[in-house]
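Please treat every number below as a calculation from the coordinates, not as lab data. As the structure is a computational prediction, the values presented were derived from the model and not from experiment. Reconstructed Cβ throughout: ideal geometry from the backbone, glycine too, with neighbour counts over all protein chains shown.
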Amino acid sequence: MSVQPFPELDHALLEEEAVDLVRELIRIETVGGGEAPAARLVGERLAEVGVVGEYVEPAPGRGNLVARFPGRDPAAGALVVHAHLDVVPAVAPDWSVPPFAAEVCDDPEHGEVLYGRGAVDMKGFAGTVVAAVRALRRAGVVPRRDLVLAFVADEEAGGRWGAQWLVENRAAWFAGATEAIGEVGGFSVPVPGGGRVRRAYLLATAEKGVGWGILRARGAAGHASRPTRDNPVARIARAVTALHDHEFPVRRTEATAAFLAAFGELTGRDLSGDGPGLRRELDRLGFVGDIVGAGLRHTVTPTVLAAGEKANVIPGEAVAEVDARILPGGEDEVEREVVRLAGEGVAVEWKSMPPTAAPVDGPLVDVLRAVDAADDPAGVVLPYLLPASTDNKHLARLGIAGYGFTPLRVPDGFDVFGRFHAVDERVPLSALRFGARVTARILATA
């Protein structure tokens, strides 16, 4: 499809505002809470152009801002555009620059680069969306359908005071919404040997679910000089080793199959197998292969161990915690396998959030492809499965199909996904400017 024309925007002002807003948001420290000032800032900037939002704090300081930008087609389902305002911790001595200073530095490979916690995860998109809405309003552009703009708290800790709370307590704010756009996708990755197509922009059409297992082994406490056969530390150690060593089989979900077929055709590589041959081909793709490889199978990762307080005392209990990432359709399978591998004498407590999956094709996907190609004719949008999860899992409870697409055109060697939660999180300013232009067109035409 072609992108429908609309009045030309002031791109210079749009890009300048996007960068400025992202920097303002980064300077508001929202590690593990305190999103209220960021949410209010977003609300103020939107209100300046006549888009007035609803603000709520489910807990002190946990600010959420949701605004509706009416579209010209009331019969069309609304599009939710969401970004979380919280960020993960940043240990300042480990960084090259202060993590909340939003400094712009010159990089010999990537030009001007904005450093800061949240630059890509995900204050970069939050600021970009606000700038795009302001640009559309100044130009008098009315989007095709209603836009529900959601700037939320607490995503990094599961969304209890953010998207989850809103879905459970303010569902009316999302009335009529059928699809959503948020993280993690939209960034470009290189296509080696792709000819005219040099970049792929990843579109997350599915996300892994998350499972949390608590493993407990109990036995008789006693003096370590008299070893017992039911030592809970040993049983937990065996269980953790079994889970660590286990590899689930490859499963091609709709999203992964679509990516492998398209990327294999573009690069001339054989990505059709399921065994060592596929792994070798993915290894040759560098960080792109790592991203896709993580979505090929369920994973269970031991993360926490706790047992005993003194070296000469056999404890009465040992505990381990595991993190599971679950492919669509595999929720029950993973829980059963964790219980089996944990073995006799180890109790498993389990809770999980289900995976999500949206159609890999459709009108919204067509728009994303057309809008992206309008700004980068050498790029192509490809679906993939996100090996993590986002606030889309909460919106899915309202029947909203979630997609990950926050557009960034970056140099070939720049691994955007690898910057998430990393030391020296950063993004090239050229990528932010590209994202502002593409996002404005998405909001206008989707």
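Considering amide H positions built from the backbone, and no H for Pro or chain starts, which residues 5 or more places from Ser188, or on another chain, come under 5 Å of its amide H?
Under 5 Å from the amide H of Ser188: Leu408, Val410.
Size of segment 9-55 along its principal axes in angstrom, Cα-based, largest extent first?
So the extents along the principal axes, rounded to whole Å, are 36, 22, 10.
How much net charge surrounds Ala12 when only the other residues with a Cβ under 12 Å from the Cβ of Ala12 are counted, with Lys and Arg +1 and Asp and Glu -1?
Details: positive: Arg433, Arg437; negative: Glu8, Asp10, Glu15, Glu16, Glu17.
For residues surrounding Ala12, the net value is -3.
Largest first, please: the extent of the C-alpha atoms of segment 59-160 along each principal axis, to the nearest Å.
Dimensions of segment 59-160 along the principal axes of its Cα atoms: 52, 37, 19 Å.
Over the Cα atoms of segment 139-185, how large are the radius of gyration and the largest Cα-Cα distance (Dmax), in Å?
Expressed in Å, the Cα Rg and Dmax of segment 139-185 come to 12.7, 38.
Ordered by packing density, taken as the mean number of other Cβ atoms within 10 Å over each peptide's residues, highest first, how do 403-412, 121-130 rank?
Details: 403-412: 23.2, 121-130: 28.8.
Peptide ranking by packing, descending: 121-130, 403-412.
Treating each Cα of the chain as an identical point scatterer and ignoring solvent, apply the Debye formula and state log10 I(q)/I(0) at q = 0.08, 0.09, 0.11 Å⁻¹.
Taking Cα atoms of the chain as identical point scatterers yields -0.48, -0.61, -0.88.
Calculate, axis by axis, the spread of Cα positions in segment 295-446 along the three principal axes, and write the results as whole Å, longest axis first.
67, 36, 25
Picking from Ser96, Ser188, Ser389, which is most flexible by a Gaussian network model of the chain using Cα springs under 10 Å?
Ser96
If you take the Cα atoms of segment 213-347, find Rg, then find the Kirkwood Rh from the mean of 1/r over all pairs, what is Rg/Rh? Display every interim value, and only then the final one.
On the way: Rg = 19.9 Å, Rh = 17.2 Å.
Checking Rg against Rh, the ratio lands at 1.16.
So what is the 222 nm mean residue ellipticity for the chain from helices alone, if each DSSP H run of at least 4 adds -39500 (n - 2.57) and you divide by all residues, rounding to the nearest 500 deg cm²/dmol? Don't skip to the answer; put the middle values down first.
Details: 12 runs with 141 residues, N = 446.
For the chain, the value works out to -10000 deg cm²/dmol.
Label-point separation (nm) for Val423 and Arg137, each offset 7 Å from Cα along Cα-to-Cβ?
Rounded to a tenth, the inter-label distance reads 4.1 nm.
I'm checking a number: the convex hull volume of the Cα atoms of segment 159-229, normalised per residue, in Å³. What is it?
Taking the convex hull of the Cα positions in segment 159-229, it is 258 Å³ per residue.
With everything on Cα atoms, drop me the angle between helix 11-26 and the longest principal axis of the chain, reported from 0 to 90° to the nearest 10.
30 degrees
Whole angstrom only: what separates the Cα centroid of segment 249-326 from the Cα centroid of segment 170-231?
Each part reduced to its Cα centre gives a spacing of 10 Å.
Place a point 7 Å from Cα of Ser352 in the direction of its Cβ. Which residues in segment 243-266 have their backbone N less than 15 Å from it?
Output list for this probe position: 248-249, 251.
Of all beta bridges DSSP finds with both residues in the chain, what is the antiparallel percent, to the nearest 5?
About 70 percent, rounded to the nearest 5.
For segment 211-272, count the residues as N, evaluate 2.2 N^0.38 Å, and divide the Cα radius of gyration by that value, please. Walk me through the numbers on the way to the answer.
Details: Rg = 22.1 Å, N = 62, 2.2 N^0.38 = 10.6 Å.
So the Cα radius of gyration is 2.09 times the expected 2.2 N^0.38 Å.
Dividing the convex hull volume of the Cα atoms of segment 45-114 by its residue count, what figure in Å³ per residue is obtained? It would help to have the intermediate numbers written out before the result.
Details: hull volume 13.8 nm³, N = 70.
Given the Cα convex hull of segment 45-114, per-residue volume reads 198 Å³.
Label segment 89-218 by shape, choosing from rounded, prolate and oblate, from the square roots a ≥ b ≥ c of the eigenvalues of the Cα gyration tensor; if a/c is under 1.5 it is rounded, and otherwise prolate applies when a/b is larger than b/c, oblate when it is not. Mind showing how you got there, number by number?
Details: a/c = 1.39, a/b = 1.06, b/c = 1.31.
Rounded, because the longest to shortest axis ratio a/c is under 1.5.
Under 10 Å, Cα contacts only: if you run a Gaussian network model on the chain, which one of Ile400, Ile28, Ile236 comes out with the highest mean-square fluctuation?
It is Ile236.
Kirkwood Rh, segment 358-426, all Cα pairs: how many Å?
Numbers: mean 1/r = 0.0704 Å⁻¹.
So the Kirkwood estimate lands at 14.2 Å.
Quote the relative contact order of the chain in percent (integer), defining contacts as alpha-carbon pairs under 8 Å separated by 6+ residues.
Numbers: 997 pairs, mean separation 111.3, N = 446.
Reported as a whole number, the value is 25 percent.
Applying 1/(1 + (r/R0)^6) with R0 = 45 Å to the Cβ-Cβ distance of Glu344 and Asp283, what FRET efficiency is obtained, to the nearest 0.05? Intermediate values should be presented prior to the final figure.
Numbers: r = 38 Å, r/R0 = 0.84.
Step by step, r from the Cβ atoms, then E = 0.75.
Over the residues of segment 155-274, compute the C-alpha Rg and express it relative to 2.2 N^0.38 Å. Mind showing how you got there, number by number?
Numbers: Rg = 23.6 Å, N = 120, 2.2 N^0.38 = 13.6 Å.
The value comes to 1.74.
If I model a spin label at Ala224 and Asp375 as a point 7 Å from the Cα along the Cα→Cβ vector, what separation in nanometres do I get?
Output for this residue pair reads 6.0 nm.
Simple spin-label model, 7 Å along Cα-to-Cβ: Asp10 to Val52 in nm?
It is 2.5 nm.
Report relative contact order for segment 13-76 in percent, whole number only (criteria: Cα-Cα under 8 Å, sequence separation at least 6). Walk me through the intermediate numbers first.
Details: 55 pairs, mean separation 17.4, N = 64.
It rounds to 27 percent for segment 13-76.
Binned at 5 Å from 0, what are the whole-percent values of the Cα-Cα distance distribution for segment 238-306, short to long?
Percent of Cα pairs in each bin: 3, 15, 25, 22, 13, 9, 7, 4, 2, 0.
Tell me the angle of helix 36-47 to the major Cα principal axis of the chain, expressed in degrees between 0 and 90 and rounded to the nearest ten.
20 degrees
Sorted by mean Cβ packing within 10 Å, highest first, what order do the peptides 303-316, 340-353 take?
Details: 303-316: 12.8, 340-353: 15.4.
Ranked from most to least packed, the peptides come out as 340-353, 303-316.
Express in nm, to one decimal, how much length is gained between Ala311 and Asp361 on full extension, taking 0.36 nm for each residue of separation and deducting their alpha carbon distance.
Working: separation 50, 0.36 × 50 = 18.00 nm, distance 5.86 nm.
Contour length minus the Cα-Cα distance gives 12.1 nm.
Of all trypsin sites (Lys or Arg not before Pro) in segment 29-122, which ones are in loop regions per DSSP and have a Cβ with at most 16 other Cβ atoms within 10 Å? All intermediate terms of the calculation are to be shown ahead of the outcome.
Working: sites: Arg40, Arg45, Arg62, Arg68, Arg72, Arg117; in loops: Arg62, Arg72, Arg117.
Taking segment 29-122 and a limit of 16 other Cβ atoms within 10 Å, the loop trypsin sites (Lys or Arg not before Pro) found are Arg72.
When the distances between all Cα atoms of segment 283-375 are binned every 5 Å from zero, what whole-number percent does each bin get?
Computed distribution, short to long bins: 2, 9, 13, 13, 14, 13, 10, 8, 6, 4, 2, 2, 1, 0.
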